[in-house]
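Worksheet for the structure shown next.
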Amino acid sequence: MTQDNLAAPVSADSPFQPSGRRRLGRLAALLAFVLVLIAAVVAVRLLGRRGEPAAALGGHDHAAAPAGDSAMPVMLSEAQARRIGVTYAPVRLGPLGRVVRTVAIVSYDETRLKSVTARVDGWVERLYLDFTGQSVRIGDPLFSLYSPMLVSAQQELLLAKRLRASVAGGSPDAVRGAEDLLESARRRLLYWEVPASDVAEIEASGEIRKALTFRSPVEGVVIEKTVLGGQRIMAGETVFKIADLSTVWLEGEIFERDLPLVRLGLQVVAEFPALPAAPRSGRITYVYPTLNLETRTARVRVELANPRLALKPGMYATLHFAAATGSVLSVPRSAILSTGKRDLVFVRFADGSLVARDVTLGVATDDRVEILSGLAVLDTVVASATFLVDAESNLSTLLGGMGNMPGMDISPPAPPPGSKAPEAPGLRAPPKDTTRMKMPEDEHAAHRVPERE
């Protein structure tokens, strides 16, 4: 084979020409760059870093712009919208209502709890209540207490009574002084919660009692007993705790997002697993001012009447109530695109363009969310496939910004004078082989010189 055979002519359109190879190289580099930028945009989206500038690529600081006021509008025809599943919904003005359900627990009415404490030091001579859970009425005996202080107070009472009797015919000042002394002795015993009837009996009998009986100041159930018979107790020590269960509290946990729907006086219905056929209704009487940092919930309180004591502290219940806001602007929840730092919607204009807009959110229900700012009543928003529209908006912004990069003009070159316009980008057929050279099929053909047919 001669040297002339090796220098076969090559078509001017062949990619094997040096100029063709350079064009292919530039095109390949451009496509690779575009793919890298698109991948970067998607990665930033997934990581929720919409508001942060991406790292400089190729020495240029041209990060993808987040959707918003600076993003390019998206143009979608009806056919394109149907193909990718885009639907639209109007901004609605009206109340937002939902049924809120939460778990609650029956607890004591704290205003009806009473702690029975000893006012003086002494020894318990007798207990009239042997165990917790016993019911008591006002005036029922609780325990008898021997105390040297009580014995001394009885002695002072009887001495004051004798003194008053001895000065009955004396001067008015002496009589008044004796009366004051007797009244002071009585008050001392009463302040130590000795029943007035017992004080009167001591005065009438003139006898000192070793142990005095203390009685229940309230009606209820003993929920705590801390002493035993014969035990010494100190002043201020709790002996019993009594709860009036004729009214109980129902305390439930409300999620932070539902708090705007809760208000005092709101009617609620409570259902109890232990009493499936006896739902109760009541009203919210208090919303606690603090939030649980772990569960992000706040407690609410409902007061329920409990005349037959069927509701027992510790019972589980389910609270549910229908809550509604006033007349507010709202959109479907699927229309909101949240990035962690911003909340966006895509607004549809009369020319069919879709433009991203920042919004401020309010109360959210199961299917709608309140819009505090950013939209008006007559606006129409994208209600589904919002992420796809957002990705298209960012891609348009990215490609539009690439045209301003030095050396990155992606517009097609102008055709030479007198030549026809270039074809649209796409796959072209490979150039025709004008060498009529037959390539061997052997796997080592690359090491051989092709032979002409």
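A few remarks follow.
- Every pair of residues 6+ apart whose Cβ atoms lie under 7 Å, when the first sits in segment 366-377 and is in the same structural domain as LEU261 (by TED's automatic domain parsing) while the second is among the basic types (Lys, Arg) and surrounded by fewer than 20 Cβ atoms within 10 Å (Cβ to Cβ): ASP366/ARG98; ASP367/ARG333; ARG368/ARG333; VAL369/ARG333; GLY374/ARG357
- Filtering THR295, THR285 for residues that are assigned by TED's automatic domain parsing to the domain that holds ALA104, assigned to a strand (DSSP E or B), touching a strand residue (DSSP E or B) at 6+ places or on another chain (Cβ under 8 Å) and modelled with pLDDT of 90 or more leaves a single hit, THR285.
- Pairs where the first residue, in segment 128-157, is in the same structural domain as LEU212 (by TED's automatic domain parsing) and the second is basic (Lys, Arg) and loosely packed, with under 15 Cβ neighbours inside 10 Å, C-beta under 8 Å, 6+ apart: PHE143/ARG126; SER144/ARG126; TYR146/LYS210; VAL151/LYS210
- Selection status of GLU370, surrounded by 14 or more Cβ atoms within 10 Å (Cβ to Cβ) and more than 21 Å from the chain's Cα centre (by Cα): no
- Taken as a whole, the condition of being in contact (Cβ under 8 Å) with a residue 40 or more places away in the chain, on the phi < 0 side of the Ramachandran plot and not assigned by TED's automatic domain parsing to the domain that holds ILE138 applies to ASN306.
- Single residue of VAL124, VAL175 found to be surrounded by fewer than 15 Cβ atoms within 10 Å (Cβ to Cβ) and either over 19 Å from SER216 (Cβ atoms) or over 50 Å from the mean Cα position of the chain (by Cα) (or both): VAL175
- VAL239 vs. criteria touching a helix residue (DSSP H, G or I) at 6+ places or on another chain (Cβ under 6 Å), of a type in the set (Val, Ile, Thr) and crowded, with 17+ Cβ neighbours inside 10 Å: no
The values are calculated or read from the model by the stated rules, or taken from the named source; none is laboratory data. Only a predicted model underlies this, so the values are computations on that prediction, with no experimental measurement involved. For neighbour counting, all protein chains shown are included, and Cβ atoms are generated from backbone atoms with ideal geometry for every residue, glycine included.
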